[in-house]
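To start, the structure under review is shown below, and the notes come after it.
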Amino acid sequence: MPLERVAKGEDRIMFLRNTESNYGAVTIVIHWLMALLIIGLFALGLYMTGLDYYHPWYKKGPDLHRSLGVLMLLMLLLRLLWRSLNPIPRPLGRDPAWMHRVAAAVHGALYLLLLAIAVSGYLISTADGRGIPVFDLFILPAMLPPVEQMADRAGLVHQWLAYILIGLVALHALAALKHHFIDHDATLMRMLGRPAAMDGRFDIDTNTSKEMT
Ligand code: HEM
């Protein structure tokens, strides 16, 4: 194979994969799709639990919430698999080491909460022994025998974990905005697809680099 073609193929792989200093396209796309999905799921969850029996969305809302919840779980599993196969870009900025550890702990907590929210949602929906229809495409079967009061208990866990998740997401987003607007480093921009230079400053755009020197 000509060397040029080999180089092009490698470029494409580097574009998809994370490196030591930047997120690749796969991580970036999954991060933002999941962010939208999670905010949508939370808003729908709040909305649908306030509806009365005769509202047209009384049944439609929970059906959609369950299907989107299963989609979120599938994306989460894909994301964790991809993460295990890629380097994690090192933190940028001049924060002390303990702040990097807090940020990493928040990322870990977000993954754990998402998993726990998906499992508790599954337990609510399958408590009566019935599976979950996902977008009329397939049915995710109930795998546990019905347990008394399982729906209520799992429901309480699901609700409170969702509140904690949204609190942590707000903290996480504020930290990203602090990096951008106060520290002027490339933490947010590299998650938006603009590569950071080796020193953690913006790459490519010379105006921004000038601003920071
Ligand atoms: C539901 C919403 C969100 C969830 C669940 C979430 C979750 C995560 C997780 C788990 C990571 C770590 C990636 C990894 O290395 O595995 C991450 C990274 C990141 N997120 Fe989010 N995120 C959300 C929304 C947001 C929002 C709204 C912003 C910006 C305003 C944001 C900005 C970032 C940035 C900049 C990084 C990279 C951090 C770094 O380089 O150290 N995220 N996100």
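Coordinate-derived values only; no laboratory data. Predicted model, so just to flag it, every value in this text is computed and none were measured. All Cβ positions, even for glycine, are placed from backbone atoms using ideal geometry, and neighbour counts span all protein chains on display.
Assorted remarks:
- The single residue among Leu177, Leu188, Leu168 that is in a helix (DSSP H, G or I), within 10 Å of the ligand (Cβ to nearest atom) and closer than 21 Å to Val26 by Cβ turns out to be Leu188.
- Residues of the stretch 120-152 that turn out to be more than 16 Å from the ligand (Cβ to nearest atom) and under 30 Å from His172 (Cβ atoms), as a count: 9
- Members of the stretch 110-141 found to be small (Gly, Ala, Ser) and over 18 Å from Leu74 (Cα atoms), listed by number: Ala127, Gly129
- Hits in the stretch 31-61 (condition: among the hydroxyl-bearing types (Ser, Thr, Tyr) and more than 23 Å from Trp160 (Cβ to Cβ)): Tyr53, Tyr54, Tyr58
- Looking across the stretch 47-63, the residues that are under 24 Å from Thr126 (Cβ atoms) and surrounded by 12 or more Cβ atoms within 10 Å (Cβ to Cβ) come down to Tyr47, Met48, Thr49, Leu51, Trp57, Tyr58, Lys59, Lys60, Gly61, Pro62, Asp63.
- Residue that is nearest to the ligand (Cβ to nearest atom) [pool: residues in the stretch 49-86 that are aromatic (Phe, Trp, Tyr) and not in a helix (DSSP H, G or I)]: Tyr53
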